[in-house]
Amino acid sequence: VLVESLLVFTVVLAVHAVVWDRFSWCAVALAIQAFYVQFKWDRLLQLGGAVFQFRGAANSGLLPASMVIPLLGVVMKERCRAAGIVYFERFGVVVASTGMLLALFLSVLAVGITKPVPTNTCILTGIAGSVIIYTMKHSLTVSEVIEVLEVLLIFVYLSMILLYLLPRCFTPGEALLVLGGVSFVLNQLIKRSLNVVEGRGDPIDFFLLVAVVGVVLLGLFFTVLFIFMDSGTWISSMFFHMMTAVLGLGVIMPWLYRLIQRNPLFWLLQFLCQTQTRLYLLGYWTFLAASACGVVFYQNAKRSSESKKHQASTITRKYFHFIVVATYVPGLIYDRQLLYVAAVLCLAVFIFLEYIRYFRIKPFGQTLRHLLSLFLDERDSGPLILTHIYLLLGMSLPVWLFPRSCAPKGTLPGAGALVPYSGVLAVGVGDTIASVFGSTMGEIKWPGTKKTFEGTMTAIFAQIIAVALILIFDSSVNLNSSYAWILASVSLVSLLEAYTTQIDNLLLPLYLQIMFMA
């Protein structure tokens, strides 16, 4: 935990040194108080005194999770200020303020339920909170303050509902990241739906917002519904499919139509078939999806012939990382907008299939339970299987969060040009190579972990080679001699992979993106 915290502090100080404004000072204050409060959360988890049931075999992860959204907002604000885009500079300020307020809320919650009351931590949290609120008071307009408070309110209600319904699925830090992100997306969708201006806004941005909110609302609806009826019967399954169609065609489609001012299905079909390159990419991705399904069926056939207790090895699970890298790299080079939309569709399909598995919806629910149980690891301790969704999110978030409006030529200068590749480098290359080489050749373990020195060094070397290949094949990338910063960023994130107990598929790409954008 101490080494993980040291690495996060290094990232915070690096961003602070580059940006050096009131919000970067607030990020430093937030990091210091989150470091102390993290130990209170860890103690609550060990003693079973936390309000909800969180994922075991991991620390709270409050510090690394608390800094992601504020740092993303700070570096986005700085990039858009340099590009002269005032609207998105203010958007970065709102993102940073929202992240800080959500992190403070979790800190106050931990301090409030810790007995006896930790006086020193209370004082530290009060000082950090005062600094952040004072800065927000003098930096945000009234409408921006209301927006931040709306996200906080949505986060509180979502947390109360989902953490109760889904025990042992998240650590406090993961809950902050996932539910905080969903809360922000929901608030953005509500705000944009109430202020629709014809012809304003990119349809693919609206597509992401509606898809995320739609699948979350769908899950909440069926979770409440199946409390009162058995989800495993044919009648319940037929009702599930019928209501999915009703909600999709009767709520989500009209909502999307209102935002993009055209038929969503016709728009999507036209978008996918717009160029020959897109058709080639779609055919290639279909082949890779079939290959991934083939791996699942082959491994399950192998389990049936060998042993019922057979579990997929680490190397076998990393096959999917290689497939995802092969999926994303051509999309990033040839058509990022298509990759953006395809990733949104894939996320919606993954979550929908997880609903079918979780609720045991006929005819595929039980089959999915049997097929996916082979690939479970210690992080899937709750009722949901989320690791494959986290993998998709880790690869897609740098693409979705890339500030396109603040990059007039479609790319940022220097190391910022690698921002869309953050997921590929951190998870697809770094994490995969570290796991494969660490589990097969590693002998020297990092103190206090199961990760090996050889795995981490090989991961850093592999990511440097990957950056060189990106320079060769992607002509839009121009690093402007920022090689030392790239090496330091890759090394920091690789060390964080060795020491964190959080979901690395989600955390590592976001930290690498923050470093590249800084």
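In region 358-375, which residue that is basic (K, R) and outside any helix (DSSP H, G or I) is most open to solvent (accessible area, probe 1.4 Å)?
R360
Got at least one residue in region 439-455 being out of contact with any strand residue (DSSP E or B) (no Cβ under 7 Å at 6 or more places or on another chain), buried (at least 20 other Cβ atoms within 10 Å of the Cβ) and not in a loop (DSSP other than H, G, I, E, B)?
yes
Quick check on region 13-28. Is at least one of its residues β-branched (V, I, T), under 21 Å from the mean Cα position of the chain (by Cα) and within 26 Å of E89 (Cβ to Cβ)?
Yes, region 13-28 has at least one match.
Within region 457-470, does at least one residue satisfy the condition of being without any contact (Cβ under 8 Å) to a residue 12 or more places away in the chain and in contact with a Gly (Cβ under 8 Å, 6 or more places away or on another chain)?
No, the conditions are met nowhere in region 457-470.
Name the single residue that is farthest from Y499 (Cα to Cα) among those in region 6-16 being crowded, with 18+ Cβ neighbours inside 10 Å and in contact (Cβ under 8 Å) with a residue 40 or more places away in the chain.
It comes out as V15.
Taking the residues in region 412-438 that are of a type outside the set (F, W, Y) and without any contact (Cβ under 8 Å) to a residue 40 or more places away in the chain as candidates, determine which candidate is most open to solvent (accessible area, probe 1.4 Å).
I433
For region 376-411, what are the residues that are surrounded by 24 or more Cβ atoms within 10 Å (Cβ to Cβ) and within 19 Å of S482 (Cα to Cα)?
Matches in region 376-411: none.
Residue by residue through region 17-38, note down the ones that are free of Cβ contacts under 8 Å to residues at least 60 places away in the same chain and either open to solvent by 10 Å² or more (accessible area, probe 1.4 Å) or of a type in the set (S, T, N, Q) (or both).
A17, W20, D21, S24, V28, F35, Q38
Within region 47-55, is even one residue at pLDDT below 95, assigned to a helix (DSSP H, G or I) and farther than 12 Å from I132 by Cβ?
Yes, region 47-55 contains at least one residue that is at pLDDT below 95, assigned to a helix (DSSP H, G or I) and farther than 12 Å from I132 by Cβ.
Residues in region 143-155: is at least one modelled with pLDDT under 90 and assigned by the TED database to the domain that holds R22?
Within region 143-155, not a single residue is modelled with pLDDT under 90 and assigned by the TED database to the domain that holds R22.
Quick one: would you say S396 is among the polar types (S, T, N, Q) and not in a loop (DSSP other than H, G, I, E, B)?
yes
The values are calculated or read from the model by the stated rules, or taken from the named source; none is laboratory data. Predicted, not measured: the structure shown is a model, and the values here were computed from it. Backbone-built Cβ (ideal geometry, glycine too); neighbour counts: all protein chains shown. Please note that ligands, DNA and RNA were not included when accessible areas were found on the heavy atoms of the full protein model with its side chains. Shrake-Rupley method; radii C 1.70, N 1.55, O 1.52, S 1.80 Å.
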